[in-house]
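*Asks:* Handing you this structure, nothing more for now.
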Amino acid sequence: MSFTAEVKDELARVPATCSHCDKAVLAALVRIEGTLFFSGQGRYRIEIATDAPSVARLVIKLLHELYHLKTNLTVRRSVLHKTPNYLIEVPAQPRLAESLSDMGVLSVEGGLELGVKPALVAKECCMAAYLRGAFLGSGFVSDPRGDFHFEITVESEDLAEGLVELLERKGINARVMQRRSSFMVYLKSGSAILEFLAFAGAHRSALAMENARVIKSVRNDVNRQTNAEIANQAKAASASVDQLFAIRTVLEAHGMGNLPPALQEFIKLRVAYPDATLKELGQRANPPLSKSAVYHRVRRIEQMAAEAQGRGGA
């Protein structure tokens, strides 16, 4: 099961906080996933399609309990996809037009409601319920183990802006992007997605996402530290090779016995421990030397090697 399916399954089971929350959930679902058909004066029928069985059960339950509407359920299976699709048909019936108006699908004048009906989201719990229904309708959230992405796709720009406004009222920053003939409300940051899940009622999914975020953060920190250590080791190895080359040049030009004791000690340590850092070489000296003291000897060897090469070239 995908993470989106897990979130929808959890959200479909969130109990209503007040007597109007279920209406807000159903209203958003019908607005986003419903298709309205008009067959004459005051005669309508709607079809609602979903891939989630828990969402189909919720829609049918709320249509029956809130508005006492008759429904027909058809389970369709695509040739290309193994998962079934659930089509809920609400045929033309006396109470349907009034119910659609109450859900904010039809306006008072009989036309389509473009934005979010204010009465449906007057309370914060109802606002959360409406956003919950919107995600149940066309929401998508990526697996938190990968890149963070969240979106709700709607057909109306007014409805998309209405969802953005609801999210902003909760302090969640969302954006709208047009995609062909539809509009996508999206969140990109992991913290914003977490806030939405918690506000909508998907606490278990929010906890799973937070755990994945922590694991991802630790893994990234380990990778950065490992890469830094590898880079430092490569840099140290390259420096060691350069120092060994300089040592050979100095020994060929001067011989070991003609060098100061400090340089002789460094040469012996570097040859004995070619992979050691300057700090490690200093610790092996007798008496121990600071890193800066060892570096001073390295600079002296490199300077002498450069002078010897210059004389050889001349």
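The values are calculated or read from the model by the stated rules, or taken from the named source; none is laboratory data. Everything numeric here is computed off the predicted structure, so don't read it as measured data. Cβ placement follows ideal geometry from the backbone for every residue including glycine, while neighbour counts extend to all protein chains displayed.
*Asks:* Go through (1) in the same structural domain as residue 107 (by TED's automatic domain parsing); (2) buried (at least 16 other Cβ atoms within 10 Å of the Cβ) and name the single condition residue 208 misses.
*Replies:* Going through (1) in the same structural domain as residue 107 (by TED's automatic domain parsing); (2) buried (at least 16 other Cβ atoms within 10 Å of the Cβ) one by one, residue 208 breaks only (1).
*Asks:* Take residues that are hydrophobic (A, V, I, L, M, F, W, C) and in contact with a Gly (Cβ under 8 Å, 6 or more places away or on another chain) and tell me which of the strands (runs of 3 or more DSSP E) falling wholly in the stretch 136-236 contain 2 or more. Give the steps one after another, and end with the answer.
*Replies:* Working: elements: 139-141, 150-154, 175-179, 182-187.
The qualifying strands (runs of 3 or more DSSP E) are 150-154.
*Asks:* Also: State which residue is farthest from residue 25 (Cα to Cα) when the search covers only the stretch 108-157 and only residues that are aromatic (Phe, Trp, Tyr) and within 16 Å of the chain's Cα centre (by Cα). Steps first, answer last, please.
*Replies:* Taking the stretch 108-157 as the starting set, the residues that turn out to be aromatic (Phe, Trp, Tyr) are 130, 135, 140, 148, 150.
Next, from what is left, pick out any that are within 16 Å of the chain's Cα centre (by Cα): 140, 148, 150.
Values: 140: 17, 148: 25, 150: 19 Å.
Here the residue is 148.
*Asks:* Return yes or no: is residue 270 at pLDDT 85 or above, surrounded by 15 or more Cβ atoms within 10 Å (Cβ to Cβ) and assigned by TED's automatic domain parsing to the domain that holds residue 303? Before the answer, list the steps.
*Replies:* Working: at pLDDT 85 or above: yes; surrounded by 15 or more Cβ atoms within 10 Å (Cβ to Cβ): yes; assigned by TED's automatic domain parsing to the domain that holds residue 303: yes.
Considered against the rule, which asks whether it is at pLDDT 85 or above, surrounded by 15 or more Cβ atoms within 10 Å (Cβ to Cβ) and assigned by TED's automatic domain parsing to the domain that holds residue 303, residue 270 comes out as yes.
*Asks:* Among the candidates 83, 4, which residue alone is of a type in the set (Ser, Thr, Tyr), loosely packed, with under 15 Cβ neighbours inside 10 Å and under 27 Å from residue 205 (Cβ atoms)? Full working, then the answer.
*Replies:* Working: 4 fails: loosely packed, with under 15 Cβ neighbours inside 10 Å.
Checking each option against the conditions leaves just 83.
*Asks:* Residue 144 is checked against (1) at pLDDT below 95; (2) buried (at least 18 other Cβ atoms within 10 Å of the Cβ); (3) within 18 Å of residue 35 (Cα to Cα); (4) not charged (D, E, K, R) and fails just one. What number does that condition carry?
*Replies:* Unmet for residue 144, out of (1) at pLDDT below 95; (2) buried (at least 18 other Cβ atoms within 10 Å of the Cβ); (3) within 18 Å of residue 35 (Cα to Cα); (4) not charged (D, E, K, R): (3).
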